[in-house]
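The values are calculated or read from the model by the stated rules, or taken from the named source; none is laboratory data. Note that this is a predicted model, so its numbers are computed, not measured. A quick note on method: Cβ atoms are made from the backbone with ideal geometry, for glycine too, and the neighbour counts reach across all protein chains shown. Side chains are part of the model used for accessible areas, which takes the heavy atoms of the whole protein and leaves out ligands, DNA and RNA. Shrake-Rupley method; radii C 1.70, N 1.55, O 1.52, S 1.80 Å.
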Amino acid sequence: MPKRVTATLENARRLAVVKQHLAGKTTKNPSSSDILELVRNIGCLQLDPISAVAPSHQIVLWSRLGNYDTSHLDSLLWKEKKLFEYWAHQASIVLMEDYPLYYYMMRNYPESRFAPQSIWLLRVKKWLNANADVRDYVLTELKRKGPLLSRQFEDESRSRKPSDGWSSWGNVSRMLLNLIFKGEIMVVGRQGKQKIYDLSERFLPSWVSKKELSEEEIEYEAVQRSIKALGTATESEIKWYFLRGRYRRLKDTLKRLQADSKIHPVDIREGPIGIGKRYIHSEDIQTLEDIDSNNWEPRVSFLSPFGNLISDRTRTKLLFNFDYLTEIYTPENKRKYGYYVLPILYGDKLVGRIDPLMDRKNQKLLINAVHAEPHALKDKNLSGEIRDTAEQLSEFLGAKEVVYSRKVPKPWRNHLH
């Protein structure tokens, strides 16, 4: 039977930070094994093409591991094949050992991707049926010539105006995405920002498991993985994490997990109304109880806008009292904080925001602005740790210098100049 666990809001935050590998000292000379273990613990690394600083998944790894060799990640993806690109809560890097969790979606796509009878399900099925010739063309080209870049396909349909409400992608580009969802093809490498595609049967390692799990079995595992990665979580937070949109029997799964003593309700003894009914995994109860002790080691980290700790903006507001919106697509004259702003985490508090830009031509990390939350300005020593973290980031990026603008809180200017 589940037991009732209690915690303070502060300790719930600390557990979330610990489970995301954002507390304690970073690893010295992180290895491929360290990267793999991190992905196991947090579930996935969201992919995003914007590289004003570095691609999002690289920032997520750096904020947790410290300065690591990006070639280790490339090796895990393309040589050792212990990671691969697929769809978790968004387009992500995921574990090859988790292939059975995604294989169900592949086998049952598009029904596994969209809600029953939704307009998008009907559109996708209609489009796939109408473009069976495009599918045959893509698979034939890959079989004969693969691996191939997307631009190496001849797409005669690019000049046609879409009439079904989709974006203006060409039919081949759209089919490539659908064939990835179906598991028939995979991303097998990258050339710059360009994806390289090939047949899955040719790329998958011989040891990969294609065990056919049921939807119930997948959800039973995925819910536990989400709760463990988050520390504590409500139903809505679980839905948002890891296999987003694929928890179709969540209430029943939560009941089963409680009956099996895998998870337990946790009461937050303080905090805002609406913190929600939360769950903790049985394996993390002792960690929560010990978090008040000397085991707690806060540090300063810069977080990717698409990082796992803050990807759920509602949760970020509830637990951390931090309003965060990306302003990437906001017109420049309407931005409040900047283009590619990284939240600054110190211990279990989000204390500010930093707006960096990597000037690769001149090998400089430009800090366009630093913004502090009101409660953080009292800590004069914090700015020194922010400076040290910015120096570490510049080293990771290969910059020779960190250059600050004057847009820095006055109490912090002694260190950030």
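One table, with the values for the structure above:
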| quantity | calculated |
| --- | --- |
| Cα convex hull of the stretch 261-417, projected area averaged across orientations, nm² | 11.7 |
| Calculated SAXS-style log₁₀ I(q)/I(0) at q = 0.15 Å⁻¹ - the stretch 324-417, Debye, Cα scatterers | -0.57 |
| Segment residue 248-residue 216, length gained on full extension (0.36 nm per residue, minus Cα span) | 10.6 nm |
| Cα-Cα over 22 Å, subset of 3/262; 19/364; 82/145; 145/211 | 19/364; 82/145; 145/211 |
| Residue-averaged 222 nm ellipticity for the chain, from DSSP H runs of 4+ at -39500 (n - 2.57), nearest 500 | -10500 deg cm²/dmol |
| Positive dipole terminus of the chain, leading residue within 340, 109, 263 (C-beta point charges) | 340 |
| Relative contact order (percent, whole number), the chain, Cα cutoff 8 Å, 6+ residue spacing | 20 |
| Accessible-area value, residue 413, 1.4 Å probe, nucleic acids and ligands omitted, Å² | 80 |
| Spin-label proximity, residue 410 to the stretch 345-384 - amide N less than 14 Å from point 7 Å beyond Cα toward beta carbon | 377-378 |
| Rounded tilt (10° steps) of 250-259 against the dominant C-alpha axis of the chain | 60 |
| By average C-beta atoms within 10 angstrom, highest first, the peptides 120-127, 55-62 | 55-62, 120-127 |
| The chain - percent of accessible surface contributed by carbon and sulfur, probe 1.4 Å | 47 |
| The stretch 342-357 versus the stretch 81-114: alpha-carbon centroid distance in Å | 31 |
| Per residue solvent-accessible surface (Å²) - the stretch 297-417, probe of 1.4 Å | 50 |
| Cα-based Rg and Dmax for the stretch 1-141, where Dmax is the largest Cα-Cα distance (Å) | 19.5, 58 |
| Compactness relative to 2.2 N^0.38 Å, alpha carbon Rg of the stretch 44-126 | 1.33 |
| Spatial extent of the stretch 196-292: Rg and Dmax, with the Cα atoms as the point set, Å | 16.8, 54 |
| Rg followed by Dmax, in Å, when the chain is reduced to its Cα trace | 22.6, 65 |
| Cα centre as origin, Lys/Arg/Asp/Glu Cβ charges: the chain dipole, Debye | 960 |
| Sequence-distant aspartates and glutamates (8 or more away, or on other chains) whose Cα lies within less than 20 Å of residue 193 | 48, 69, 74, 85, 154, 155, 359 |
| Alpha-carbon Rg/Rh ratio, for the stretch 19-87, with Rh computed the Kirkwood way | 0.93 |
| Pairwise centroid distance, computed over Cα atoms, of the stretch 7-65 with the stretch 291-317, Å | 9 |
